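Please read the structure below before turning to the comments.
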Amino acid sequence: MAADLVLLSPLDGWSTPLSEVPDPVFAEAMLGDGVAVDPTGDVLHAPCDAEVLTVHAARHAVTLRAAGGVELLLHLGLETVALGGDGFEALVAAGQSVRAGDPLIRFDLDRLARRARGLVSPIVVTEPAGGRIVERTADRLVAVGEPLMVLRGAGAIVAASATAPAPAAAELTRTIVVPLSHGLHARPAARVAGCAAGFEAEIALSTRAGRRASARSPIALMALGVRQDDEVVLSASGPAAAAALDALAELIQSGMGEAPHASAEPPPPSPPTPPAVAIPGRLHGVSGAPGLAIGRATRLAERDLEVPVDGQGAAQEAASLAAARQQVRDAIAAAQAAGGGGVQGDILAAHLGLLDDPELAAEAGRQIAEGRSAGFAWRAAIGGFADAIGGLADRRMAERVADLRDLERRVLVVLLGEDGASPEVPPGAILVADDILPSQLMAIAPSRLAGLCVSGGGPTSHVSILAAAMGIPALVALGPGLPAVTDGTTVILDADAATLHVAPDAPALEAAQRKLAERAQRHAAARATAQAASRLADGTPLPVLANLGAVAEAACAAEAGAEGSGLVRTEFLFLEREQAPSEDEQAACYRAITDGLAGRPVVFRLLDIGGDKPASYLRQPLEENPALGVRGVRLALRHPELMAAQLRALLRAAPTGQVSIMAPMISRLAELRAVRAALDEARRALGIEAPTPLGVMIETPAAAVIADQLAAEADFFSIGTNDLAQYVLAMDRGNPELAAEVDGLEPAVLRLIATTCQAAAARGRDASVCGALAGDPAAIPILIGLGVAKLSMPPAAIAEAKALIRTLDPSACRALAAQALEQPSAAAVRALVQAAGG
Ligand code: PEP
Ligand code: MG
């Protein structure tokens, strides 16, 4: 028989039964049984000897595994995850062993008292391992180290049941990490719910912060606010519980096409949003979709839809609501059938999922049962969820409120017998609205719209995504000044400069018209000459190459004018799968890329996974700071068998002279030497005599600083300005708040590029750029002036880059670059380029 496990109080304070915690997730023991403590001290201690399983990123909660497989959640305060770590200091890390009484988290009690919803801190046995709590302390003062609960029988039953099948009704659980780059937002939530609906099982998803949602409810899932890299617990009971868990875990861990490794090139950094200087007639917003447009403002008038509060009998109201929802469902299905694929298709599918959300329907049903009308009930149900989602700290989730409001309106239009026809817009209109619902935008033919401006929204809201997919320039978040723009006013919408020029005078209008005409011409001319070899104005070759992230892109890149590939992100082959690709599979894939480029040179980058691009089969522990973690070459050197197989596959695929190899995230000479040794070993194993060029990516400040050392042994450099900017500026490249500021044109970054080019030139090596800066027209003359020999960019940018390069004089580029290095900011560098005619 297993010994009792005595759990000591981890806090000084007042002990309270869990059932009295004002949060149903704890009070109803959804996460497990336990006791809560209202703290009077400021340090959370270990209640027993244990291993730290997780320390939440917001540092307000830890999970522990004690003897016999017992798991505990120690959660400081209520809804404290929203504090984002403010006021908490983690004193331990995941994986650490602790003894009873060891300090785990220090917290600022005063700050918590002021900012958290409650201080009471649940201490929950989330995995009793077959045991149960037989004694607990409650309703009295406790001191750290005093007994709080006694768990009896833990471990023994687990051992016994290990061989026996689980009873059908038992709840199975699985802990997974969510790889979705935007968290569990509308589309993935809808897919999870769709998947869950296919199983005869009760399935729930709980966060480590103690929130739980039915996996069948996309809205409840969204309201959890799960973000990328959050650990969540899937639990299921019922006949198909095990299969449901397998399917859901696989679906979520697949990334659903949203994992951070997405091979699409990040767009070149847009210039930082200018400060909202009050120039008369100019409004400042945020670019939702790029481009320039001139047109007449056309207001999208929104009439308020009034619904009666009281219903005319629950049965009648329920039937009306069901019929209205069915009509909207049919309309969405018809739009899908009519070819709403791509982004539109995804949004329509998400709307369908929301429309069928069981919790939304249940809430509306509750309102109807209380005597409300169908319209009132539907609006109230949507409103409750919209408030919950709109209040989430994650801005992307909050932007999904527009989808809910869209559905609210569509169902109300049907219920009230209103005319839901699409708004009439004159051709060439620039639509102006407080907000526009995705369905309203989809209902307008793109050919009629020149542009779109809204007071609200954000760069990741569905209207922005839709506008970009429809090729319509869009400005969002224009704020309270927009309503003053009256119907019929001429406006210039410059999404690239994030401004709306209202009622411009004749010269401004003419200038914008010229700019538009020039753009159209430039586009057409660039495409016509894209296949010519890229040269500067004096004839010096300046090859333009493509960045590739999939086999199919190789042939398209060649068609777009690529003179080869300066970066193949080979990680596309390694992610979203259960096992690493075999050497043969890799070789076939690499060969397909060299074939697609028909003899043009190709630089394959060794896999850059780890950190925020995890591969499940490598079983990497969660990292608190993945950008500074085990990624790139650091990971390859920890998995030599993986690197060796990739090197052999590359050598086998490599037609002599066509292929080079480079290593990502190098920060020391020793790493380059280790990769070179592995490459030599692979050559020996295959009996290949001819050496394959081996280069390094310069994307850490360290690599740029020791570029002279690296140049002595590397065959070439490729500068990764995306990461270099991130690390030099200490700004997360994935943080939407900082996105406009992580600009490779910051003089600090440019100076390191200059150092790198000088070191390369001193040894007769080439330095190329393969980060997003390479495709940025404002950066191209400066990079060339700094000594960059080749540029590798997304295929879509190639034609215009080649056309620009043809006009550039190398000595003018050098003068411009020298001036750029002396500027005070990236904005000043961009202004300098513009003044120079760029
Ligand atoms: C870079 O960091 O600039 C780069 C090209 O690599 P990635 O964007 O794949 O990290
Ligand atoms: Mg990089």
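The values are calculated or read from the model by the stated rules, or taken from the named source; none is laboratory data. Fair warning: this is a prediction, and the values are worked out from it, not measured in the lab. Counting neighbours? That spans all protein chains shown, and the Cβs are built from the backbone with ideal geometry, glycine included. Calculation scope for accessible area: heavy atoms of the full protein, side chains included, ligands and nucleic acids excluded. Shrake-Rupley method; radii C 1.70, N 1.55, O 1.52, S 1.80 Å.
Counting residues in region 686-698 that are touching a residue at least 24 places away in the same chain (Cβ under 8 Å) and over 23 Å from Q586 (Cβ atoms) gives one or more. Of everything in region 614-664 that is of a type in the set (D, E, K, R) and at pLDDT 90 or above, the residue that is farthest from ligand 2 (Cβ to nearest atom) is R652.
Does A512 qualify as being in contact (Cβ under 8 Å) with a residue 40 or more places away in the chain and at positive phi? For A512, the condition - in contact (Cβ under 8 Å) with a residue 40 or more places away in the chain and at positive phi - is not met. Scanning region 536-557 for residues being at pLDDT 95 or above and away from ligand 1 (no atom under 16 Å from the Cβ) gives a total of 8. Might you check whether a residue that is buried (at least 21 other Cβ atoms within 10 Å of the Cβ), out of contact with any Cys (no Cβ under 8 Å at 6 or more places or on another chain), of a type in the set (V, I, T) and over 15 Å from L832 (Cα atoms) occurs anywhere in region 770-784? Within region 770-784, none of the residues are buried (at least 21 other Cβ atoms within 10 Å of the Cβ), out of contact with any Cys (no Cβ under 8 Å at 6 or more places or on another chain), of a type in the set (V, I, T) and over 15 Å from L832 (Cα atoms). The single condition among (1) within 16 Å of ligand 2 (Cβ to nearest atom); (2) free of Cβ contacts under 8 Å to residues at least 12 places away in the same chain that G764 does not meet is (1). Whether a residue is closer than 28 Å to Q620 by Cβ, in contact with a Phe, Trp or Tyr (Cβ under 7 Å, 6 or more places away or on another chain) and crowded, with 21+ Cβ neighbours inside 10 Å was assessed, and H60 passes this test.
Set side by side, the residues D595, D538, D584 differ, and just one is part of a loop (DSSP other than H, G, I, E, B) and open to solvent by 70 Å² or more (accessible area, probe 1.4 Å), which is D538. The set of residues in region 112-127 that are in contact with a strand residue (DSSP E or B) (Cβ under 8 Å, 6 or more places away or on another chain) and not in a strand (DSSP E or B) comprises A116, R117, L119, V120. It is to be established whether one or more residues within region 87-95 are open to solvent by less than 50 Å² (accessible area, probe 1.4 Å) and in a helix (DSSP H, G or I). Checked region 87-95: no residue is open to solvent by less than 50 Å² (accessible area, probe 1.4 Å) and in a helix (DSSP H, G or I). Look at region 558-581 and say how many of its residues are open to solvent by 10 Å² or more (accessible area, probe 1.4 Å), within 16 Å of ligand 2 (Cβ to nearest atom) and either acidic (D, E) or modelled with pLDDT of 90 or more (or both). Number of matching residues: 1.
When G561, G596, G539, G610 are checked against the criterion of being out of contact with any strand residue (DSSP E or B) (no Cβ under 6 Å at 6 or more places or on another chain) and under 30 Å from R631 (Cα atoms), a single residue qualifies: G596.
For region 27-45, the count of residues that are assigned to a helix (DSSP H, G or I), open to solvent by less than 40 Å² (accessible area, probe 1.4 Å) and touching a residue at least 12 places away in the same chain (Cβ under 8 Å) is zero. Applying the condition of being basic (K, R) and away from ligand 1 (no atom under 13 Å from the Cβ) to region 679-736 and asking which residue is surrounded by the most Cβ atoms within 10 Å (Cβ to Cβ) yields R683. Of all residues in region 187-235, those satisfying the criterion of being open to solvent by 10 Å² or more (accessible area, probe 1.4 Å), under 30 Å from N625 (Cβ atoms) and either in a strand (DSSP E or B) or hydrophobic (A, V, I, L, M, F, W, C) (or both) are T207, A209, R212, A223, L224, E231, V233. Looking only at region 665-684, decide whether some residue is closer than 17 Å to V769 by Cβ and within 16 Å of ligand 2 (Cβ to nearest atom). Yes, that holds for at least one residue. The C-beta contact set for region 614-635 (first residue under 26 Å from V696 (Cα atoms), second residue β-branched (V, I, T) and within 14 Å of ligand 2 (Cβ to nearest atom), distance under 6 angstrom, 6+ apart or interchain) comprises A615/I609; V633/I666.
Select from region 321-333 the residues that are crowded, with 20+ Cβ neighbours inside 10 Å and over 34 Å from the mean Cα position of the chain (by Cα) and list them in ascending order. Selection gives L321, A324. Go through region 236-254 and report how many residues are surrounded by 21 or more Cβ atoms within 10 Å (Cβ to Cβ) and under 21 Å from the mean Cα position of the chain (by Cα). Qualifying residue count, region 236-254: 2.
Checked against the criteria, I661 counts as open to solvent by less than 10 Å² (accessible area, probe 1.4 Å), under 17 Å from E583 (Cβ atoms), outside any helix (DSSP H, G or I) and within 16 Å of ligand 1 (Cβ to nearest atom). Against the numbered list (1) farther than 24 Å from G288 by Cα; (2) open to solvent by 40 Å² or more (accessible area, probe 1.4 Å); (3) over 27 Å from the mean Cα position of the chain (by Cα), A748 comes up short only at (3).
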